[in-house]
Amino acid sequence: MTRLLVTGAAGFIGSNFVRRALETAPHLRLIAYDALTYAGNLANLSDVLSDERLTFVRGDICDSDQLDALPQVDAIINFAAESHVDRSIMGSAEFVRTNIQGVHTLLEYARRTNVSRLVQVSTDEVYGSLGSTGKFTEESPLAPNSPYSASKAAGDLLARAYHETHKTPVIVTRCSNNYGPYQFPEKVIPLFITNRLQDLKVPLYGDGLNVRDWIHVQDHCDALLLVLDKGAPGVVYNIGGGCEITNLELTREILRRLDSDESCIERVTDRPAHDRRYAVDFSRISSQLGWQPEIDFAEGLSATVDWYRRNEAWWRAVKDGQYLEYYNKQYAQR
Ligand code: NAD
Ligand code: TYD
């Protein structure tokens, strides 16, 4: 039995990870730890909260007293972060706090408690932007362009330094853009799907020709479970979907699935310092750990559109902001 602390477990990827871990890794006992910021939502875990292998604790990764109050764990995986580029452009203080100070606090906690693994979940955005050719490898220089990606890069570098200096068994993973159920509708795919379900236009930035490499969240979670089990401390693993598509093509794919045409696209001013292209070389995790993405993008996107159609109450509550009061109050009363 392995006791795993999952920080940021009530967000998009963290909640999908918890569900996948409970389904596929019977040796794991999970502490789901989350500050429940605007992006954290206990409704994301509602179907698994009663599982006896899961305990939920509300807490902040920047608070070492709260971390010290937890039962001893064997390993940690950190999803807790401020994660949206546009918000980091509006104001970056919370990004510096959670993505840098929070990672530092977790690294110190990992040292104190002698865990056997700390997986720091990071992003390909730390590498900056690509031209029309080439892919990010783990050796690509870090060249972040947004306050979000800069704060993630700083967290990655602290993780590296703790491994070098203190032999803290940290592994950093850098994944491309995720999509799937329970993604907060500020990110492009759920925003565009739910806007069409509300009969609103979809705001496409700039010329729409920026390229992202999409991966289904379940493939990402499977890669992380493998890294937790078999990854080597001190190593960085890129994770990617092998599916590059422009935002314009992506928008057309979403609109087609919602019986909408291009008149629903609203061209809006571009994001400042908008990274042009991301593409991930994930040959290291493939050759060393035997992982590759399984979910075909066209099928995964159709399933995701269906999920948002079927879960209107979830996204309406999130878009209205009511979920914060409702679910968190409800949980506090348990
Ligand atoms: P998210 O915004 O949906 O979830 C983040 C979670 O962290 C929320 O539940 C929030 O309440 C929690 N949190 C925030 N600050 C906290 C704090 N100080 N203490 C404790 N909990 C806190 O983000 P996501 O999309 O699930 O991303 C998870 C991780 O994966 C992030 O580190 C992100 O950088 C990384 N990542 C995301 C993507 C993507 O496409 N979404 C791609 C690659 C990497
Ligand atoms: P996003 O989902 O915010 O992820 P990231 O910026 O981390 O890649 O955005 C994905 C792409 O979609 C990105 O190139 C910006 C673009 N985008 C739009 O065109 N309109 C939108 O309203 C949003 C949120 C994003």
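The values are calculated or read from the model by the stated rules, or taken from the named source; none is laboratory data. Since this is a predicted model, take the numbers as computed values, not measurements. Every residue, glycine as well, gets a Cβ built from its backbone with ideal geometry; the counts of neighbours run over all protein chains shown. Calculation scope for accessible area: heavy atoms of the full protein, side chains included, ligands and nucleic acids excluded. Shrake-Rupley method; radii C 1.70, N 1.55, O 1.52, S 1.80 Å.
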A careful count of residues in the stretch 79-96 that are within 17 Å of the chain's Cα centre (by Cα) and among the small types (G, A, S) gives 4
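Let's see how each residue does on (1) of a type in the set (D, E, K, R); (2) within 12 Å of ligand 1 (Cβ to nearest atom):
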{"position": "L22", "(1), (2)": "no, no"}
{"position": "V57", "(1), (2)": "no, yes"}
{"position": "D74", "(1), (2)": "yes, no"}
{"position": "R111", "(1), (2)": "yes, no"}
{"position": "V115", "(1), (2)": "no, no"}
Exactly one of A298, A313 is hydrophobic (A, V, I, L, M, F, W, C), closer than 19 Å to L200 by Cβ and without any contact (Cβ under 8 Å) to a residue 60 or more places away in the chain, and that residue is A313
Out of the residues in the stretch 211-244 that are touching a His at 6+ places or on another chain (Cβ under 8 Å) and within 16 Å of ligand 1 (Cβ to nearest atom), state the one that is least open to solvent (accessible area, probe 1.4 Å). I239
State whether the residues of the stretch 11-19 include one that is open to solvent by 10 Å² or more (accessible area, probe 1.4 Å), basic (K, R), more than 16 Å from ligand 2 (Cβ to nearest atom) and not in a helix (DSSP H, G or I). no
Of the residues that sit in the stretch 245-280 and are of a type in the set (S, T, Y) and more than 30 Å from T173 (Cβ to Cβ), which one is surrounded by the most Cβ atoms within 10 Å (Cβ to Cβ)? S260
Residues of the stretch 119-141 being open to solvent by less than 20 Å² (accessible area, probe 1.4 Å) and in contact with a His (Cβ under 9 Å, 6 or more places away or on another chain), in sequence order, are V121
Please find, within the stretch 1-10, the residue that is nearest to ligand 1 (Cβ to nearest atom) out of those that are under 17 Å from S50 (Cα atoms) and assigned to a loop (DSSP other than H, G, I, E, B). A10
Out of everything in the stretch 78-96 that is farther than 15 Å from D156 by Cβ and either of a type in the set (K, R) or away from ligand 2 (no atom under 15 Å from the Cβ) (or both), what residue ends up being least open to solvent (accessible area, probe 1.4 Å)? G91
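Matching residues to (1) more than 14 Å from T304 (Cα to Cα); (2) of a type in the set (D, E, K, R):
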site: C175; (1), (2): yes, no
site: Y179; (1), (2): no, no
site: Q198; (1), (2): yes, no
site: R212; (1), (2): yes, yes
site: C221; (1), (2): yes, no
site: C243; (1), (2): yes, no
site: T246; (1), (2): yes, no
site: E249; (1), (2): yes, yes
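Which ones in the stretch 1-27 are touching a Cys at 6+ places or on another chain (Cβ under 6 Å), farther than 20 Å from A110 by Cβ and of a type outside the set (D, E, K, R)?
Initial filter on the stretch 1-27 (touching a Cys at 6+ places or on another chain (Cβ under 6 Å)): 16-17, 20.
Going one step further and asking which of them are farther than 20 Å from A110 by Cβ, we end up with 16, 20.
Within the stretch 1-27, just N16 meets the criteria.
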If I ask for residues that are out of contact with any Phe, Trp or Tyr (no Cβ under 6 Å at 6 or more places or on another chain) and open to solvent by less than 10 Å² (accessible area, probe 1.4 Å), which ones from the stretch 184-210 would you list? P190, F192, L204, G208, N210
Considering (1) open to solvent by 80 Å² or more (accessible area, probe 1.4 Å); (2) farther than 26 Å from E249 by Cα; (3) at pLDDT 95 or above, say which one R310 fails and leave the rest. (2)
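Go through L107, L42, L67 for me and flag whichever is over 24 Å from A159 (Cβ atoms), open to solvent by less than 10 Å² (accessible area, probe 1.4 Å) and more than 7 Å from ligand 1 (Cβ to nearest atom). Walk me through how you get there before you give the answer.
On the way: L107 fails: over 24 Å from A159 (Cβ atoms); L67 fails: over 24 Å from A159 (Cβ atoms).
Selected residue: L42, the only one of L107, L42, L67 that is over 24 Å from A159 (Cβ atoms), open to solvent by less than 10 Å² (accessible area, probe 1.4 Å) and more than 7 Å from ligand 1 (Cβ to nearest atom).
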